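Colleague: Can you read through this structure? Questions will come right after.
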């Protein structure tokens with residue numbers, strides 16, 4: 001058992017963090033928070049706009065600030081952006097404040113799931129498959145090192161993945177309740 005006040009989903013884009021996260025949050029009566037949406041809300045600009053004006057480094061700075069604020073809370077399911085694990089401070093804060101679930105997805109499944117998605121700045125290139133492979137090479141070890149639990153989402157529909165996680169989380173996650 002890893003007692004933690006929050007449930008945190010990590011993994012690459014297209015893994016199902018938002019879709020599965022909403023379902024898990026409902027099942028465990030947690031507040032669902034999409035970290036990317038929280039960044040948009042805090043910055044007052046879309047992620048593509050942040051990338052356009054501040055570059056990836058500027059976006060990562062927004063991400064770091066928003067994650068620190070979110071992780072101070074409790075009783076949340078936080079769906080992180082795929083690159084949140086790139087920052088060592090983010091990884092440390094995530095590990096300290098949450099039970100971490102790595103939703104793994106293969107590059108072929110990502111390509112299929114993201115085929116019509118045009119809102120992800122890092123994929124606005126003709127070599128999407130190569131970009132996804134490069135990101136996986138760098139990020140997969142970070143996801144694995146941070147995860148308390150891993151689920152390969154290639155194998156499941158969102159409903160099936162949620163059911164699998166509910167069973168596994170019931171056995172492995174002890175919710176750390178706030179001290180009164």
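Colleague: Given a Förster distance of 22 angstrom, what is the FRET efficiency for residue 125 paired with residue 18, based on the Cβ-Cβ distance and rounded to 0.05?
Modeller: Computed FRET efficiency for residue 125 and residue 18 comes out at 0.45.
Colleague: Now, a different point. For a footprinting-style exposure proxy, rank 133, 62 by other Cβ within 10 Å, fewest first.
Modeller: So the residues, fewest neighbours to most, are 133, 62.
Colleague: What is the gain in length, in nm to one decimal, between residue 57 and residue 164 on full extension, counting 0.36 nm per residue of separation less the C-alpha to C-alpha distance?
Modeller: 34.9 nm
Colleague: Let me ask something else about it. Ranked by Cβ crowding within 10 angstrom, fewest neighbours first, how are 80, 18, 162, 29 ordered?
Modeller: Arranged by neighbour count, lowest to highest, 80, 18, 162, 29 become 29, 18, 162, 80.
Colleague: Across all directions of projection, what mean area in square nanometres is found for the Cα convex hull of region 1-56?
Modeller: With every direction weighted equally, the projected area is 5.2 nm².
Colleague: Could you work out how far helix 158-172 tilts from the main Cα principal axis of the chain, as a 0 to 90 degree angle to the nearest 10?
Modeller: On a 0 to 90 degree scale, this one is about 40.
Colleague: With springs connecting C-alpha atoms under 10 Å apart, model the chain as a Gaussian network and identify which of 154, 127, 140 has the largest mean-square fluctuation.
Modeller: Fluctuation is largest for 127.
Colleague: If you find the alpha carbon centre of region 136-177 and of region 41-91, how far apart are they in angstrom?
Modeller: 21 Å
Colleague: Right, another one. Relative contact order, percent, of region 32-162 when contacts are C-alpha pairs under 8 Å separated by at least 6 residues?
Modeller: 27 percent
Colleague: While we're looking at this one, here's another question. What list do you get for 138, 107 if you sort them by fewest beta carbons within 10 Å?
Modeller: Arranged by neighbour count, lowest to highest, 138, 107 become 138, 107.
Colleague: Hey, another quick one. For a quick check, take a GNM of the chain with Cα springs below 10 Å and name the residue from 27, 75, 116 with the largest mean-square fluctuation.
Modeller: Among 27, 75, 116, the largest mean-square fluctuation in the Gaussian network model of the chain belongs to 116.
Colleague: So, one more: With everything on Cα atoms, drop me the angle between helix 128-146 and the longest principal axis of the chain, reported from 0 to 90° to the nearest 10.
Modeller: So the inclination is approximately 30 degrees.
Colleague: Compute the acute angle (0 to 90°) between the alpha-carbon long axis of helix 47-71 and the principal axis of greatest extent of the alpha-carbon atoms of the chain; round to the nearest 10°.
Modeller: Helix 47-71 sits at roughly 10 degrees to that axis.
Colleague: Where does the chain land on Rg/Rh, using Cα atoms and the Kirkwood Rh?
Modeller: For the chain, the value is 0.95.
Each reported figure results from applying straightforward, stated rules to the coordinates on display, with no laboratory input. Here the structure is a predicted model, which is why all the values come from computation and not from measurement. Glycine also receives a Cβ, built like all others from the backbone with ideal geometry; neighbour counts cover every protein chain displayed.
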